[in-house]
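For reference, the structure discussed in these notes is given below.
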Amino acid sequence: MSSAEKHRTIVKKVLSGDVLRLHQISAAQKTFSAFDHEVRAVVTAAEMQAGKSGIALALCCLQRLSLSDQDISDRKQLKDTLYLVTMPDLALKEQAEDDLKLAKNVVVSNFVNFEKALENEFKGNPPKLIIIDECHYGSNVSAIRYSKIFDYLEQENDTCKVVFISATPFGALYGAETEYQEALDLKEQAENDKDDELIETANKIASAALKDSILRRNFNTRLVFHKTSDEYYGVREMLKSGKVKGLDSTNKNFLIPSPERDAFLEQFIQHEGMGWSLVRVPAGSAMEAKELLIAKGIDSSSIYILGNSLNGVPDDQHCSIERFKKEFDDAVLFEDKLIAITVAGARAGINFGTMMKNNLISTWDSTIASVAAVVQANIGRACGYHGNNSSTHFTNINAAEAYAAILDHLENTCSEHAASDFEGLKDFFEDVCQEYHVNGLDVGLTIKYKRRRPIGDVETYATDSYIAVPAKLIQDNIDFTSYTTDPIYLKAIDLIRNEFTAKGAPSVKGNRALRREKNWIKAHWINGDSYDNPEKARVDGTQKEKTLLYTKMLDSG
């Protein structure tokens with residue numbers, strides 16, 4: 001066997017071994033095959049706990065196998081891949097080193113030591129591939145910036161490829177495309193006005209947007225979606241099985257009584273055998289949450305507050321994640337139940353191993369924010385390959401549904417082939433955030449909805465008809481045919497009534513859209529003040545006054 005064959009056999013053994021799953025290898029192959037003489041950057045979107053480290057390991061192997069026989073046999077060219085952890089966390093770096101230890105050609109570093117790693121580890125042999133983990137940290141104003149990486153790739157290593165990996169790269173993609181597009185719009189306006197000074201300003205903005213963007217134009221970036229196998233259990237599967245329970249501004253506070261909190265506590269208390277739950281609360285509320293649980297009859301020795309130097313938590317009440325994992329191992333022996341409390345500032349609360357996932361009873365997440373903040377936290381950490389499909393997750397269901405809609409779209413458009421229509425993707429993100437009533441895709445990045453054009457520039461439609469009916473929410477099986485016999489109206493009335501009473505008793509709605517099979521209805525839910533309180537009405541009157549005015553206008557044609 002030649003030297004080259006020997007080295008290729010070692011790499012192929014990693015790819016064909018028990019460490020990697022077939023879907024991880026497939027994702028890496030689709031990512032690697034997206035590179036050609038023009039494409040130098042690929043964004044790989046992979047769901048939470050779907051095995052991004054495995055995809056990275058497979059990418060390292062594919063990079064090594066792409067070498068010529070001469071290069072793969074040259075010891076000086078062994079290190080050819082740089083893996084960068086975005087966060088300057090030593091524990092994350094060590095974890096990555098352990099995950100990638102089978103790839104002998106990779107060097108693990110972070111953004112802080114990026115240049116030092118190039119200088120010390122790649123002497124005379126610059127990397128041929130750079131892999132950047134958790135690229136969604138590049139999506140807001142205070143985020144990681146990629147200009148140094150791209151400057152290096154443009155000015156010092158113009159043959160190197162780069163892969164961005166994240167479960168939620170949407171914010172980074174949206175922010176990059178939006179900043180660039182806004183600069184182009186400004187430039188077009190300036191050119192129409194023949195404003196040389198504004199043209200120069202627009203060019204500077206566009207240049208700055210491209211400099212930090214993961215979509216630097218001359219890299220011809222492509223997007224690949226990692227399609228998991230049938231055994232994967234993620235956010236979409238949880239939604240389909242009804243295991244996600246909605247929290248909003250009215251019931252998210254764990255310290256305030258609500259039917260959702262009652263359901264959470266009952267599920268934990270009634271659970272037989274070993275198990276554990278995770279509660280994520282705002283900073284400063286951890287100790288109060290523990291006292292509440294004790295008041296509900298849960299033994300104080302079963303409740304752990306995870307973190308260090310938390311506001312309002314005595315030193316002797318803090319528990320490290322490592323200690324909690326040991327307490328969990330002991331609890332398994334005695335079939336005890338535990339509750340872990342984390343604060344909103346904790347990135348994920350805790351990373352669950354397979355044993356912990358299999359014994360998870362429920363999670364409660366007070367985060368009512370962006371899509372990434374919700375799905376990267378408790379609910380995202382419960383995803384993956386395990387045998388527990390019964391745990392219940394109380395969280396922002398709108399954000400979870402928005403994430404599911406994005407995954408469906410990516411799976412349909414770029415799971416088989418790499419995609420490049422980022423402007424179309426930006427428009428899709430905007431539509432999703434509007435439909436599911438979420439503020440944005442990632443922390444610090446608010447979706448900028450499309451500006452409405454003047455009426456003269458858009459199509460307008462005449463109203464066919466209207467109907468006003470009493471909802472009669474506390475009565476069942478109401479016959480509305482005395483108001484209308486139109487089957488579409490009758491179906492809409494039934495769906496809206498069900499939406500109001502989905503929680504059992506009549507309750508207030510906060511979103512204009514009805515989900516999934518009901519999304520053909522757009523509803524404007526009005527509270528008491530805005531309905532008929534003139535003191536809190538807008539300048540154009542109360543909703544009652546406006547509704548009566550509209551009906552008069554419709555009645556008159």
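Each value in this text was obtained by applying a stated rule to the coordinates, not by laboratory testing. Quick caveat: nothing in here was measured; it's all calculated off a predicted structure. Methodologically, a virtual Cβ is constructed for each residue, glycine included, from the backbone with ideal geometry; neighbour enumeration extends over all protein chains shown.
Here are the numbers for the structure shown:
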item: Length gained when the stretch Leu549-Asp316 is fully extended (0.36 nm per residue, less Cα-Cα span); result: 77.5 nm
item: Exposure proxy ranking, count of Cβ atoms within 10 Å, fewest first, for Ile25, Ile305, Ile521; result: Ile521, Ile25, Ile305
item: Computed over segment 305-408: relative contact order in percent, which uses C-alpha pairs under 8 Å that are six or more apart; result: 23 percent
item: Residues Thr484 and Val112, FRET efficiency given R0 of 45 Å [Cβ-Cβ distance, rounded to 0.05]; result: 0.10
item: Full-extension gain in nm, Glu197 to Phe334, via 0.36 nm per residue minus C-alpha separation; result: 41.9 nm
item: Percentage relative contact order, segment 235-397, counting C-alpha pairs under 8 Å, at least six apart; result: 35 percent
item: For q = 0.11, 0.15, 0.20 Å⁻¹, Debye-computed log10 I/I(0) when each Cα of segment 3-114 counts as one equal scatterer; result: -0.36, -0.69, -1.20
item: Given charges at beta-carbon only (K, R positive; D, E negative), |dipole| of segment 235-397 in Debye; result: 640 debye
item: Segment 235-397: proportion of alpha-carbon pairs further apart than 21 angstrom, %; result: 40 percent
item: Subset of Lys128/Lys148; Lys252/Lys426; Lys6/Lys123; Lys6/Lys227 violating a 27 Å alpha-carbon distance limit; result: Lys252/Lys426; Lys6/Lys227
item: Nitroxide proxy distance, nm - points 7 Å out along Cα→Cβ at Ala283 and Glu416; result: 4.8 nm
item: Sorted by Cβ neighbour density within 10 Å, fewest at the top, the residues Val371, Val244; result: Val244, Val371
item: Projected label distance in nm at Ser301 and Val469, using a 7 Å step from Cα toward the beta-carbon; result: 5.9 nm
item: Electrostatic dipole magnitude of segment 39-101 [Cβ: Lys, Arg +1; Asp, Glu -1; Cα centre; debye, to 20]; result: 160 debye
item: Neighbour-count order for Arg64, Arg8, fewest beta carbons within 10 angstrom listed first; result: Arg8, Arg64
